[in-house]
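The values are calculated or read from the model by the stated rules, or taken from the named source; none is laboratory data. For clarity, every value in this text was computed on a predicted model and none was experimentally measured. Calculation scope for accessible area: heavy atoms of the full protein, side chains included, ligands and nucleic acids excluded. Shrake-Rupley method; radii C 1.70, N 1.55, O 1.52, S 1.80 Å.
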Amino acid sequence: MGQHLRRIGTRMGRTASGYVTQSARYRAQRCEGCPLRCRCFKAKGNRTIEVNYRLNGYKCKARERLTSEEGIRQRGRRCIEPEAVFGQMKYDMAYKRFRHFGKDKVTMDFAFFAIAFNLKKMCARIRKTGLKGLSSFFYRIKSLILACLRQNILQSAMCDGKITA
């Protein structure tokens with residue numbers, strides 16, 4: 001049952017972002033009398049498939065990382081940490097789209113929203129627990145603001161030609 005596929009060549013492709021892909025092409029010998037043809041494909045002629053071995057290697061490596069102990073732990077945390085924040089952002093605060101256009105303005109818009117969101121969390125924490133545990137929260141807010149400032153300073157220096165990438 002089935003057919004042996006013979007390699008017929010290599011196909012080079014380029015993605016929209018400019019990444020060059022290389023796929024091995026395989027073709028079956030005789031598909032006309034095969035009892036599995038209707039399950040295999042519906043085109044005329046013999047079946048041709050393409051295999052990107054580099055992509056398969058990346059997928060295998062990603063699968064290994066995701067199924068490792070560390071990967072399982074990280075995946076368990078993923079659904080808890082950011083998803084709730086974005087859900088609150090979209091539905092509780094009605095922030096479904098950015099108010100500005102352009103990468104720099106969107107970054108600034110999101111940074112301001114993140115600061116406001118963190119201040120709201122800080123006020124809720126103060127109401128709930130008093131001033132206990134507030135220093136780590138202020139440290140995170142300070143780190144976020146400094147990261148945004150560093151990014152903007154670096155981008156403006158690159159635009160001015162003072163720094164090259």
Task: Over 32 Å (Cα to Cα) - which of K61/K120; K103/K142; K96/K128; K61/K96 fall in this group - done: K61/K120; K61/K96
Task: From phi via Karplus (6.51, -1.76, 1.60), per-residue ³J(HN,Hα) for region 27-41 in Hz, x at Gly/Pro - done: 9, 6, 7, 9, 9, 5, x, 6, x, 9, 4, 5, 8, 7, 6
TODO: Go through M108, M122 and list them by solvent-accessible area, largest first, probe radius 1.4 Å.
DONE: M108, M122
Task: For region 81-130: accessible area per residue (Å², 1.4 Å) - done: 78
Open item on the list: Please state the shape class of region 1-79: rounded when a/c is under 1.5, otherwise prolate if a/b exceeds b/c and oblate if not, all from the C-alpha gyration tensor.
Closed with: prolate
